[in-house]
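Enquirer: I have a structure I would like to understand better, so I am pasting it below and will then ask my questions one at a time.
The values are calculated or read from the model by the stated rules, or taken from the named source; none is laboratory data. Predicted model, so just to flag it, every value in this text is computed and none were measured. Because the Cβ atoms are built from the backbone with ideal geometry, glycine has one as well, and the counts that use them run over all protein chains shown.
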Amino acid sequence: MSTQAQAVRLPRLLIGTPDQGQMSLREHLAIHDEIPTGHGRRHKRRDAVGLVESIERAGLCGRGGAAFPSAVKMRAVAKERRRGIVVANGAEGEPASLKDKLLLEALPHLVLDGGSLAVAAVGASELIVCIPRSAKTARHSLTQALGERERERYDSVPVRVELVPDRYLAGQESALVSHLNGGPGVPTLTPPMPFERGVQKRPTLINNVETLAHIALIARYGPEWFRELGTPAQPGSALLTLSGAIEYPGVYEIEHGAPLGDLIEAAGGSTSEIKALLLGGYSGTWLPGMLASTLSLSTEQLAPYGAVLGPGIVMALSEEACGVAETAQVTRWLSEETAGQCGPCVHGLNTIATAIEELQAGTAATGTEQRIARWASMVQRRGACAHPDGTVRFVASALSVFAEEFAEHARHGPCAACARPSELPLPSHPHLAVAA
């Protein structure tokens, strides 16, 4: 079977992913042939404008959470007079996501190919790959991959790897620009937008590493191939981190619009009855567990529930867990992850977290749920970034999905399940394994 025929089906991004270690340049090329970046003697030249048009026809949107059309961002940087910079965002501050970690550790050449293509397409001069300071394996993989490319004269694009703080907000675009410019690495009010004035005050294209990996494959196989999977509104495949009450939690590649039930079955099924589903991570939305067998993972299907996949996250909470305790722990963590620069966020999220802890303990005053709703309206859309908005979304959906549990805790205090270890991954409980 030809390489192209193999690539039509899933997996696409994860095809050939090694069980351990990283894919070498030779292995990468054996699977994907030579991707035309327009750089280096071994690559076919490709018209940069044509590449952006291909990405637009493919309908590729960012995979970092915001799902912004990739071609629009690329054109915005390309039209600026000064030569730009491309940033591969692998910060992944969301504790429930492991997809970027997997790409950087196991498939660095796919990310670097996409980054090199983006540099050529927007007329930039440099690629910066940003990873968390603690990501030692990813740093090693990137160093090895860059060494291979240099020895083989595979790529002439200047690339540097930058370490960013291990913080929830480190991957937010303006925070990333601030850090790369020598600042504190916290979100800043915009404008100017990064594409106007970003790193070194130059136009800057910031793409999630998965987005760049897709660009690499679109350049090789074309937009029509990309659209063979997914829905008309949301074409292609995506990486998703599945965790919680699942037999084999980890990173899976899915077709947009795929039934969640099929994914859970492919992951070995659930380990217990599913009480609730958290989609989109800790800025996401809780949904009733009964939807696990009927929900499809597309924008159109999730919209009626006010949910999105965001950075590609689905967490299944078991029937044995306490929804109130899980909500209290995550909300407290989110309140401590603020950048500390916006009053509504700093004080508002702490107040909301404290109120939820009081509800769990049974010490909350009557009407606390209503006060939380009022406080939430006071912090929404009032920060330099969307952190308070995401936290409010998480809390509001929890109060709805776990309404009966919250009422029981308000009357009787902690339940027996409150003493169980948390099922939701936080930096203090790193128990989630990567599996392709």
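Enquirer: Report, by residue number, each residue of the range 275-298 that is in contact with an Asp or Glu (Cβ under 7 Å, 6 or more places away or on another chain) and either over 19 Å from VAL308 (Cβ atoms) or assigned to a loop (DSSP other than H, G, I, E, B) (or both).
Expert: LYS275
Enquirer: Picking from ALA71, ALA5, ALA76, ALA66, which residue would you name as being modelled with pLDDT under 85 and not in a loop (DSSP other than H, G, I, E, B)? Working first, answer last.
Expert: Values: ALA71 fails: modelled with pLDDT under 85; ALA76 fails: modelled with pLDDT under 85; ALA66 fails: not in a loop (DSSP other than H, G, I, E, B).
Just a single option satisfies the conditions, and that option is ALA5.
Enquirer: Testing THR354 on (1) β-branched (Val, Ile, Thr); (2) more than 30 Å from GLY269 (Cβ to Cβ); (3) in contact (Cβ under 8 Å) with a residue 24 or more places away in the chain, one condition comes back false. Which one is that?
Expert: The single condition THR354 does not satisfy is (3).
Enquirer: What number goes with the only condition from (1) assigned to a helix (DSSP H, G or I); (2) free of Cβ contacts under 8 Å to residues at least 24 places away in the same chain; (3) exposed (fewer than 15 other Cβ atoms within 10 Å of the Cβ) that ALA396 does not pass?
Expert: So the condition that ALA396 fails would be (3).
Enquirer: Conditions first: (1) in contact with a Lys or Arg (Cβ under 9 Å, 6 or more places away or on another chain); (2) surrounded by 13 or more Cβ atoms within 10 Å (Cβ to Cβ); (3) of a type outside the set (A, V, I, L, M). GLU358 passes all but one, so which condition is the exception?
Expert: (1)
Enquirer: Counting residues that are more than 23 Å from GLU80 (Cβ to Cβ), which helices (runs of 4 or more DSSP H) fully inside the range 97-188 reach at least 1?
Expert: Numbers: elements: 99-106, 108-122, 136-151, 173-180.
Helices (runs of 4 or more DSSP H) meeting the threshold: 99-106, 108-122, 136-151.
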